[in-house]
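Below: one structure, written as structure tokens.
The values are calculated or read from the model by the stated rules, or taken from the named source; none is laboratory data. Predicted, not measured: the structure shown is a model, and the values here were computed from it. Every residue, glycine as well, gets a Cβ built from its backbone with ideal geometry; the counts of neighbours run over all protein chains shown. Keep in mind that these areas ignore ligands, DNA and RNA; they rest on the heavy atoms of the full protein, side chains included. Shrake-Rupley method; radii C 1.70, N 1.55, O 1.52, S 1.80 Å.
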Amino acid sequence: MADSLMADTLITGQTTYLIFGINQTYYGLDSLVVDEIFFLPELTPVPEAPRYIVGVLNLRGEVIPVMDVNLRLGYQPQPYHLSDRIIVLQDEAQRFGILVNQVQDVRSLSSRDITTKARYRWEQEQQPVQTGIAHSGDDLIVLLSPQVLLHPPERARHGVEDLFSLTAEGVDHLRQTLGDLESQLQSQRQFFPHATPEERQILRDRADHLRQVPDNQDHRGRASLAVIRLGSELFGIDLGIVREFTEIKRITPIPCAPSHIIGNVNLRGEIVTLIDISTVLNLPPVIANRTFLQNSNNLQQAMIVDCEDLVVGVVITEILDVVLLNPEEICPVPTAIHGISDEYLDGETPYQGRMMSILALPKLLNQGQLVVDES
């Protein structure tokens, strides 16, 4: 895959970048260095590590240091959320995680769309972490050097490289040691200190999931599901049809549209219709008060779906997790108890002590008469 992307770059003069958001700013990294992406798990802080190294995690037996890019760039710390992501970068023989607020998409950028003249605050480093600023549609994207990110200035390099010598057993020992210093960490190095008990449990469950080394045979046939919440109900969505999760504002109403049509949104130059699928599932609407949308300061979470040449936004209450599901764990839906129409459900599966419905979203979009046929 890397060879194919490199060949395309040589032929077209374009480079493919992974675009992500931090503190309402878009950044880009060469997609060739991106190894995997997952939602934020619990991290183990490391005493005396550089400030921007917020912890380490055990990723299937390999210790991965995690950097908060916001801190790495010299900005003030921002509160963490369950929807934050970890992007694992591969640099030669080592891997490194970076913590970002949101993963947007992958874009091909031409060299003529990139300027390298703006340096600003990064000029203080011998090797600036910013390589340029790209124009993509209405967006300005700050392009970063993964090599400089992973190899910070000399004054902090020694402490970072020491983290790569940790083993999985060392992380477990470190976790126990940090447990003895809990009161001190709460005021100094505790990760995500304001997490609620429920959020803390989700973080731990994610860390436990990432720690497991999957058996190749058992791994076959499993599907990645995004876990979302509509009101009080949990649903699993095939991650293969989900383009991104985003926060929406400035929704343009559509006159005389059905009640499930929320309106149109401008998603980086692409007009996307926003819908509420809850009514088809016999659930209360996600947005009960439409005047909520008239205030441009209000944000609404949405899931952008690309399904059979149909791109649509689905309003959701919350994105919770991404899980790997074994089909053997799916059981039939007890519709008499559940109260949700089973026409668009593929079954149920346990999730953190509750039952989660597996939503057949392509079938719902194609047969549920949710999208207006403008022809």
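Just reorder Leu57, Leu310 by solvent-accessible area, largest first, 1.4 Å probe, all chains present.
Leu310, Leu57
Quick one: net charge of Arg354's neighbours, Cβ under 11 Å, K/R +1, D/E -1?
Details: positive: Arg229; negative: Glu233, Glu348.
So the surrounding residues net to -1.
Which order do the peptides 102-115, 18-31 come out in when sorted by mean C-beta neighbours inside 10 angstrom, highest first?
Ranked from most to least packed, the peptides come out as 18-31, 102-115.
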